[in-house]
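Visitor: After the structure tokens below, expect a handful of questions from me.
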Amino acid sequence: MKCYAVFGQPIAHSLSPRIHAAFAAQAGIALEYRAIEAGRDAFADALAAFARAGGVGANITSPLKQDALELCRSASERARRCGSVNTLVREGDGWHGDSTDGVGLLRDLAERHAFDPAGRRVLLLGAGGAARAVAFALVDAGVGELVLANRTRARAEALADALGARARATDLGTLARAGRFDLVLDASAASHAGGVIALPPELFDRASLAYALSYGAPARGFLESARAAGAGRCVDGLGMLVEQAAEAFSCWHGLRPRTQPVHAALHAG
Ligand code: NAP
């Protein structure tokens, strides 16, 4: 049986094993998919041990996506551009890296939220692996203006520079002066540390969509603040999770699973 895994820290509550089991059942493919806890110090050894044990594919989550790129022998253009890898494919005795987060977000926005980023004002909170992936996807999708705000401002500035003229960085502390946005994305890990980024009401109106890339309990703080600040629609990243997983599944198995039944089952609990 082919072996797959998701690596990250924390990882115990990852839904990826359940999602890939559901996709495999749809496709009639027998596979093993497990969650492997690894921090940045332990990741390279844990991945090498997984490969020695016959692992042929992996998903990578926080805080390992940028480290994963370093461990790849080759990488897709979209992974190299955003400097972030969330999908590994075993090729010979090395890893090929890909980044499916950006396409996952765009598919969820289009299919579940009827939101097209073309020409729109978007605020992106965070500048880590997931933020980098979705930022490049948003620029490619024709976003009108992309404003980046991150705890470490220098990382937001470096990302804005890499994205080009439609992106600029600002401070988390001056968001009230950034104007109103069509879409506000929380791609920070603030809630995992028990924190919430303060969201001034100037960011939102009833037409604004507030989107937490996280889902379940970690998404609650951002979604409650966005609602209190006046955002008309507030959604979590469960749909993105299922869509990025479907893209990873098609990298590994060469076929696209149906995402709607899997999303509905996860949404139901
Ligand atoms: P990451 O690479 O570790 O980046 C974390 C980001 O959060 C950095 O920008 C970091 O700022 C910021 N941050 C961390 N603690 C903070 C705090 N206390 N206050 C403010 N900012 C803080 O993580 P990632 O892989 O990008 O993941 C980020 C989030 O997206 C996670 O919640 C993850 O679950 C979610 N995600 C969801 C999906 C999905 O499919 N739905 C896919 C990918 C990721 P600094 O630069 O200052 O360290």
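Visitor: Kindly provide the set of residues from segment 1-20 that are surrounded by 14 or more Cβ atoms within 10 Å (Cβ to Cβ), hydrophobic (A, V, I, L, M, F, W, C) and more than 16 Å from the chain's Cα centre (by Cα), ordered by number.
Guide: Those that are surrounded by 14 or more Cβ atoms within 10 Å (Cβ to Cβ), hydrophobic (A, V, I, L, M, F, W, C) and more than 16 Å from the chain's Cα centre (by Cα): CYS3, ALA5.
Visitor: Would you mind listing the strands (runs of 3 or more DSSP E) fully within segment 92-156 where at least 1 residues are farther than 25 Å from LEU47 by Cα and open to solvent by less than 20 Å² (accessible area, probe 1.4 Å)? Give the derivation first.
Guide: Working: elements: 94-98, 121-125, 145-149.
Once the strands (runs of 3 or more DSSP E) in segment 92-156 are filtered for at least 1 residues that are farther than 25 Å from LEU47 by Cα and open to solvent by less than 20 Å² (accessible area, probe 1.4 Å), what remains is 121-125, 145-149.
Visitor: Same structure, new question: Check whether at least one residue in segment 127-145 is over 28 Å from GLY55 (Cα atoms), over 17 Å from the mean Cα position of the chain (by Cα) and without any contact (Cβ under 8 Å) to a residue 24 or more places away in the chain, and report yes or no. Please lay out each step first, then the result.
Guide: Of segment 127-145, the ones over 28 Å from GLY55 (Cα atoms) are 127, 135-145.
Still in the list and also over 17 Å from the mean Cα position of the chain (by Cα): 142-145.
Then keep just the ones that are without any contact (Cβ under 8 Å) to a residue 24 or more places away in the chain; that gives none.
So far as segment 127-145 goes, no, none of its residues is over 28 Å from GLY55 (Cα atoms), over 17 Å from the mean Cα position of the chain (by Cα) and without any contact (Cβ under 8 Å) to a residue 24 or more places away in the chain.
Visitor: While we're looking at this one, here's another question. If I go through segment 212-269 residue by residue, how many of them are open to solvent by 40 Å² or more (accessible area, probe 1.4 Å) and polar (S, T, N, Q)?
Guide: Number of matching residues: 1.
Visitor: Inside segment 1-88, counting only helices (runs of 4 or more DSSP H) that do not spill past its ends, which hold 2 or more residues that are among the basic types (Lys, Arg) and out of contact with any helix residue (DSSP H, G or I) (no Cβ under 6 Å at 6 or more places or on another chain)?
Guide: It comes to 77-82.
Visitor: Please find, among ASP93, ASP101, the residue that is within 11 Å of the ligand (Cβ to nearest atom), within 23 Å of GLY57 (Cα to Cα) and of a type in the set (Asp, Glu).
Guide: ASP101
Visitor: When only residues in segment 162-211 that are in contact with a Gly (Cβ under 6 Å, 6 or more places away or on another chain) and not small (Gly, Ala, Ser) count, which is most open to solvent (accessible area, probe 1.4 Å)?
Guide: Looking at residues that are in contact with a Gly (Cβ under 6 Å, 6 or more places away or on another chain) and not small (Gly, Ala, Ser), I get ARG206.
Visitor: In addition: Tell me which residues, restricted to segment 53-86, are surrounded by 20 or more Cβ atoms within 10 Å (Cβ to Cβ) and of a type in the set (S, T, N, Q).
Guide: ASN59, THR61, SER84, ASN86
Visitor: Taking the condition of being of a type in the set (Gly, Ala, Ser), closer than 27 Å to SER191 by Cβ and out of contact with any Pro (no Cβ under 7 Å at 6 or more places or on another chain), how many residues in segment 7-66 meet it?
Guide: Adding up the residues that qualify gives 12.
Visitor: Also: With respect to SER62, determine if the residue is hydroxyl-bearing (Ser, Thr, Tyr) and either free of Cβ contacts under 8 Å to residues at least 40 places away in the same chain or out of contact with any strand residue (DSSP E or B) (no Cβ under 6 Å at 6 or more places or on another chain) (or both).
Guide: Working: hydroxyl-bearing (Ser, Thr, Tyr): yes; either free of Cβ contacts under 8 Å to residues at least 40 places away in the same chain or out of contact with any strand residue (DSSP E or B) (no Cβ under 6 Å at 6 or more places or on another chain) (or both): no.
So SER62 does not fit the description; no.
The values are calculated or read from the model by the stated rules, or taken from the named source; none is laboratory data. Since the model is a prediction, treat every value here as computed from it, not as a measurement. Please note: Cβ atoms are built from the backbone with ideal geometry, for glycine as well, and neighbour counts cover all protein chains shown. Accessible surface is based on the protein model in full, side chains and every heavy atom, while ligands, DNA and RNA are left aside. Shrake-Rupley method; radii C 1.70, N 1.55, O 1.52, S 1.80 Å.
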